[in-house]
Amino acid sequence: MAQIQVDKIENDVFEVKKHGNMNVPLRIFASEKLLKKMQEDSSIQQGVNVAGMPGIQKYSIMLSDAHIGYGFSIGGVAAFDSETGCITPGGIGFDINCGVRLLTTNLTEKQVRPKLKQLLDVLFRNIPPGVGGESLFKLSDEELDDVLTNGMKWALKKGYARQKDLDHCEEKGTMPGADSRKVSPRAKSRGRKQLGTLGAGNHFLEVQTVGQIINKQAADKMGITRQGQVLVMIHTGSRGLGHQVCSDYLRRMEDTYPEIMEKLPEKDLIYAPIKSELGKDYYGAMCAAANFAWTNRQIITHQIRKSFHEVFGEFCTPEDIGMVYDVAHNIAKLEEHDVSGKMKKVYTHRKGATRAFPPGHPAIPEDYKDIGQPVMIPGSMGTASYILVGTQKAMKLTFGSSVHGAGRVMSRMKAKQEFRGEDVKQELEKRDILIKAATMKGISEEAPKVYKDVDEVVKVSHDLGISRLVAKLLPIGVVKG
Amino acid sequence: MEKRFKYLEHTADSKFQAFGKTLEEAFGNAALAMFNEIVDINTVRCDVQKSIEVIAKKKTTLLYEFLENLLYLLDTEGFLLGKILSISIKSDEVEDRSLSLNAVIAGDSASGGYEVIGAIKSVTYSDMIIDEKHEKGVMVQVLIDI
């Protein structure tokens, strides 16, 4: 395969010029080292393919953690005109509203260490992986529709959430435009038993400590006040329900638009015109699945509060666990962005990319108006995670988006051959990181070395200014499905 | 039916090829390859039987839907696949030439004390190949999102 010509624009910014079927150029925001990694497979070709989609604005974007995906690359961003553009499940991902939530506690590492093993066991019991199993929360048809329509508002009504949790969630935990009628009965059946479950693969729950505070003012606002403070990070999504929604609409779009299908470079890139019935239906269903994911992370939050209280008694009551923020990194949203000097409504697709809105933006919580929207970047198992805040520069360069994580570099198959789960576990224990997982094989697949260097990925975002560092977090305990 | 499949390199997810003398056999082996990512299929007791029917216009869609139906059974009933008892694919020659797949499968409930080693988000069309002129008879290639 011929290498696609990539030109350097400035430090950490590269471009593939408009050619062939491209409507706009492709911009890659990465260091030379990370760009080289992308050139090893066909991720850049995927970025070029996206540039050829109807109604795309400014440029097709790949961020520094980009790697090969279905249709879009993971780490891809594209904004489409809200009248003449399109919407595509391949630009959102199978796990609709996969995302990250960060919680604060009043505890310190010194208090948690002695009971860490017990804590992980309790968390694992209260928040099961749920693969082929059952959630502790089962919903009737009416309740499931309520969750799909109202998201975290449902959780608030049921006593699983506090108003502050909603205030500190992207979209306040409820996507406007959700339409539960557009979610198929199959998708609903798959999700019915999965609320409050983690799933497997790269999904996890991590007990972390604050390693370093870089921006004190911003950290304070988030309730992150000192080194050694214990935090909890959640990474999961909409489970089988979201996967089925994606799958259902890929099929419907494929059946409805055979003439579009024929011309596509990749089948998973199928789209519907945004103003078509099908485009509107998918958007309604996608928003409903996003609500399901937010509610899932909320139920998990409720269970974390319960678990900490169970282990630490009066030293950590449910009220002592607060919420920093919750961000979606697989989603499409109707937003306003500056396109050639004019404010314009677009459908921003972020697939493996995090929204990173600047201080003062109307869509971010009152508490963060002065500092910008919190952006949480989980590392891989056993490595650091980061909190950043959104910036004006992100609005200018990336439709208000930043990276979402480390990005894989080694296949699961190779990981299983190279690492034994037991060895990875011991290696982590030597570094004082405990792990509780459903299986050892799952641990080997997610060994730290199978991911890109999260430090470098985050550094590129900070140096470019598409988000700015606030704090570095270190893992002490991991729960994995 | 002989179990025949192999896994290929893929950075983020799982890609495999399944083989068979017939299209049916290859489809069946693809299902086993997929479930082998969730549980060691050799350990699954085959106490529960189920039947699956899928209709589609194209073979690729038929394969996608067949595999997705199995994931549906896992999510809704906790069903782990252990064996394909029978599988047939017929084309409706009279009306619209649509394809129908009927399979009888056996397996067990995930609550039966199995070591669940992974989960699957979805079947995908990415790099999907159905090669009916393969040296081994029929080869199907599938990439699943993990």
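Overview of values
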quantity: Stretchable slack from A:Lys275 to A:Ser140, in nm (0.36 nm times residue separation minus alpha-carbon distance); calculated: 45.3 nm
quantity: Around A:Val210: net Lys/Arg minus Asp/Glu count, Cβ-Cβ under 10 Å; calculated: +1
quantity: FRET efficiency, B:Ile55 to A:Thr84 (Cβ-Cβ, R0 35 Å, nearest 0.05); calculated: 0.50
quantity: Amide H partners (placed H, <5 Å) of A:Thr354, local residues excluded; calculated: A:Ser402, A:Val403, A:His404
quantity: Förster radius 41 Å - calculated FRET efficiency between A:Glu319 and A:Lys345, Cβ distance, rounded to 0.05; calculated: 0.50
quantity: Vicinal HN-Hα couplings computed from phi for the stretch B:28-41 (Karplus, 6.51 cos²θ - 1.76 cosθ + 1.60; Hz; Gly/Pro x); calculated: x, 5, 5, 4, 5, 4, 5, 5, 5, 7, 9, 8, 5, 5
quantity: Cα gyration tensor, the stretch A:440-481 - rounded (a/c under 1.5), prolate or oblate; calculated: prolate
quantity: Most mobile listed residue (B:Ser88, B:Ser122, B:Ser111) in chain B, GNM with C-alpha springs under 10 Å; calculated: B:Ser111
quantity: Local net charge near B:Asp47, Cβ-Cβ under 15 Å (Lys/Arg +1, Asp/Glu -1); calculated: +1
quantity: Estimated [θ] at 222 nm from DSSP helical runs (n ≥ 4, -39500 (n - 2.57)) normalised by residues in chain B, nearest 500; calculated: -7500 deg cm²/dmol
quantity: Filtered trypsin sites (Lys or Arg not before Pro), the stretch A:141-223: DSSP coil and at most 14 other beta carbons within 10 Å; calculated: none
quantity: Calculated [θ] (222 nm, deg cm²/dmol) that DSSP helices of n ≥ 4 give over chain A, each run adding -39,500 (n - 2.57); calculated: -10000 deg cm²/dmol
quantity: Distance violations [Cα-Cα > 27 Å] among A:Lys263/B:Lys59; A:Lys36/A:Lys58; A:Lys193/A:Lys480; A:Lys153/A:Lys369; A:Lys33/A:Lys263; B:Lys21/B:Lys90; calculated: A:Lys33/A:Lys263
quantity: Environment charge of A:Ser385, counting only residues whose C-beta is closer than 10 Å and scoring Lys/Arg +1, Asp/Glu -1; calculated: 0
quantity: Dipole of the stretch B:5-145, positive end: most advanced residue of B:Leu81, B:Phe19, B:Ile41 [Cβ charges, Cα centre]; calculated: B:Phe19
quantity: Cα coordinate range in the stretch B:5-145, projected on the principal axes (Å, largest first); calculated: 46, 34, 24
quantity: FRET efficiency for A:Gln39 and A:His462, using Cβ-Cβ distance with R0 set to 25 Å, rounded to 0.05; calculated: 0.60
quantity: Inter-part distance where the stretch A:362-438 and the stretch A:203-268 are each reduced to a Cα centre, Å; calculated: 10 Å
quantity: 20 Å cut-off, amide nitrogen to a point 7 angstrom out along A:Asn21 Cα→Cβ, residues in the stretch A:29-69; calculated: A:42-62, A:68-69
quantity: Signed unit charges on C-beta, dipole axis of chain A, positive-most listed residue A:Gly151, A:Leu474, A:Pro362; calculated: A:Leu474
quantity: Loop trypsin sites (Lys or Arg not before Pro), the stretch A:348-448, which have at most 16 other Cβ atoms in a 10 Å radius of their Cβ (DSSP); calculated: A:Lys369, A:Arg420, A:Arg431
quantity: Charge dipole magnitude, Cβ of K and R +1, D and E -1 - chain A, Cα centre, debye nearest 20; calculated: 460 debye
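We did not get these values from a lab; they are worked out from the coordinates using the rules stated. The structure displayed is predicted, hence computed values, not measured ones. Glycine also receives a Cβ, built like all others from the backbone with ideal geometry; neighbour counts cover every protein chain displayed.
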